[in-house]
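Student: Below is one structure. I have some questions about it.
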Amino acid sequence: MKIAIIIGTRPEIIKMAPVIDEIEKRGIEYILIHTGQHYDHEMSHQFFIDLELKKPDFNIGVGSGSHGKQTATMMEKIEDVLVAEKPDIVLVQGDTNAVLAGALAASKLHIAVGHVEAGLRSYDKTMPEEINRQVADVTSNLYFVPTEESALNLIFEGLDPHEIFVTGNTVVDACIRNLKIAQKSSTVLSDIDVQGDILTLTMHRAENVDDPKRLQEVMDALLELENINVVFPVHPRTVKTLKKFGIYEKLENAPHVLMTKPIGYLDFLVLLSNSRFIMTDSGGLQEEAITLNVPCLTLRYNTERPETVTAGGNILVGSSKDKILENLRRIAGDESAYQEMSDAANPYGDGKASEKILNAILDASSSGKLQITA
Ligand code: UD1
Ligand code: UDP
């Protein structure tokens, strides 16, 4: 049994790490393929250090580029590796271009594809991630879905329920495993040295940060916040557009806003768990917020993680300044509303997702289901 794991961006490294740990624990042979979509030290290598991952066996160095160019280059190079290495199954995670390229390349070589975090749907086809996850789910063979709701999405699309495994999300495994380690080693709170409540902000979605109006409106809301410190580790995509639209300097000069480079995972977990609020357009942060019992405001008009909203831990505020301020002030001023959000039940499982994923792969292997036939 040989598993090929494809990763390319920050969230894939973090969410695949528990799966890799489980593979190593069971002594299964595996190769690690990094597409190189994220390449800055703080967007990639830092997580290999924090999560004690082996160096990738292959780094195909795709770098930044248009969707077509990035996906095509990844497909071509992943295909070369798969032809040479002949794995029994390829694992992809989430909804990035690496998932699309990896799932397409492997399925056309008749290699089984396991999609970790399958079945999420926003049904918003203006988002590249929605296209990636829908296409990956057409070509995959084993679906590791975080919740029953995501299983139903796939069943409604006509997929075979026998190929769908409700495992929880590996982000919970990663959170549980690493928070304790992080609390012992991290000095992030003294490093940032802010007094009082913290709101941690991240923002990188193309539809938000590449749109000057939306970006400006969210930043205007930030500038009007009172009685809270905003800690904003800025994604490289966002640094670029904040500078391009002339907003960066204004934020830098705001005394209650601390902008930093992207933060390593261990430090970031400590920062999140000590935050009073999380405000984000990230997928992973919506999940981590409810896992760490921190109320979340999501800077989007829809989410493929609706479980967080129905559970009561997440509010969609879009990019509307008024909605952001109104919701923050309301929750901050009402302790029982705040507590209700913090106490929302985590829909993403008990931290054993990677164990369940490996059990399902081994079962499929022993019953011949990894052989792709007509
Ligand atoms: C990608 C994923 C997105 C995911 C996010 C996680 C796709 C379509 N998008 O978005 O789903 O949520 O990663 O963070 O796959 N850049 C750097 N250094 C880096 C990486 C990027 O400077 O190490 C800059 C480049 O200017 C690049 C821009 O960020 O053009 C965007 O990077 P890209 O990988 O295309 O998309 P993300 O916004 O990171
Ligand atoms: N993250 C981090 N440092 C940061 C920002 C995010 O370690 O400065 C982690 C975060 O804990 C989460 C993941 O990166 O696990 C989310 O990545 P991102 O928001 O880039 O992508 P998405 O989840 O939206 O695809």
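Student: Need the C-alpha centroid separation for the range 5-83 versus the range 322-374, integer Å.
Tutor: First find each Cα centre; the distance between them is then 22 Å.
Student: How big is the chain in terms of Cα radius of gyration and Dmax, in angstroms?
Tutor: When restricted to the Cα atoms of the chain, Rg and Dmax are 20.2, 63 Å.
Student: Please state the shape class of the range 188-321: rounded when a/c is under 1.5, otherwise prolate if a/b exceeds b/c and oblate if not, all from the C-alpha gyration tensor.
Tutor: On the way: a/c = 1.56, a/b = 1.09, b/c = 1.43.
Oblate shape, in that a/c is at least 1.5 and b/c is the bigger or equal ratio.
Student: May I pose another question? Find which of ASN169, HIS115, GLY318 sits farthest along the positive direction of the dipole of the chain, computed with +1 on the beta-carbon of Lys and Arg, -1 on that of Asp and Glu, about the Cα centre.
Tutor: HIS115
Student: Per residue, how much accessible area does the chain show when a 1.4 Å probe rolls over the protein heavy atoms, in square angstrom? Mind dumping the intermediate values first?
Tutor: Values: 15600 Å² over 374 residues.
The answer is 42 Å² per residue.
Student: Pop the C-beta distance of ASP322 and LYS125 into the FRET formula with R0 = 22 Å and round what comes out to the nearest 0.05.
Tutor: Values: r = 28 Å, r/R0 = 1.25.
The computed FRET efficiency comes out at 0.20.
Student: A further question on this structure: Please state, to two decimals, what the Cα-based radius of gyration of the range 43-109 comes to when divided by 2.2 N^0.38 Å (N = residues).
Tutor: In units of the globular-protein estimate, the range 43-109 measures up at 1.15.
Student: Could you give me the ³J(HN,Hα) list for the range 247-253, computed from phi with Karplus coefficients 6.51, -1.76, 1.60 and θ = phi - 60°, whole Hz, x at Gly and Pro?
Tutor: 9, 3, 5, 4, 5, 4, 8
Student: Here is a follow-up. What nm distance separates the two modelled labels at LEU152 and ASN59, each placed 7 Å from Cα along Cα→Cβ?
Tutor: With each label placed 7 Å out from Cα toward Cβ, I get 4.4 nm.
Student: Could I ask something else about it? How many nm separate the modelled label positions at ARG177 and SER190, each set 7 Å beyond the Cα in the direction of the Cβ?
Tutor: Each label point lies 7 Å from its Cα, and together they span 2.8 nm.
Student: Calculate for the chain the 222 nm mean residue ellipticity that helices alone would give, adding -39,500 (n - 2.57) per DSSP H run of length 4 or more and normalising by residue count, nearest 500 deg cm²/dmol.
Tutor: Numbers: 18 runs with 184 residues, N = 374.
Computed mean residue ellipticity for the chain: -14500 deg cm²/dmol.
Student: Got a sec to turn the phi values of the range 202-210 into Karplus ³J(HN,Hα) couplings, 6.51 cos²θ - 1.76 cosθ + 1.60 with θ = phi - 60°, whole Hz, x for Gly and Pro?
Tutor: 9, 7, 8, 4, 3, 5, 8, 7, 8
Student: Say each of LYS2 and ASN302 gets a label point 7 Å from the Cα, pointing the same way as Cα to Cβ; how far apart are those two points in nm?
Tutor: Label at LYS2, label at ASN302, 4.1 nm between them.
Student: Can you tell me how the range 158-225 classifies by the Cα gyration tensor, rounded, prolate or oblate, using a/c under 1.5 as the rounded cut? Provide the component values of the computation, followed by the final result.
Tutor: Numbers: a/c = 3.77, a/b = 1.23, b/c = 3.07.
Oblate is the answer for the range 158-225, as a/c is 1.5 or above yet b/c matches or exceeds a/b.
The values are calculated or read from the model by the stated rules, or taken from the named source; none is laboratory data. These figures come from a predicted structure and were not determined experimentally. Positions of Cβ are generated from backbone atoms using ideal geometry, with glycine treated the same way; all protein chains shown enter the neighbour counts. Heavy atoms of the whole protein, side chains included, go into the accessibility calculation; ligands, DNA and RNA do not. Shrake-Rupley method; radii C 1.70, N 1.55, O 1.52, S 1.80 Å.
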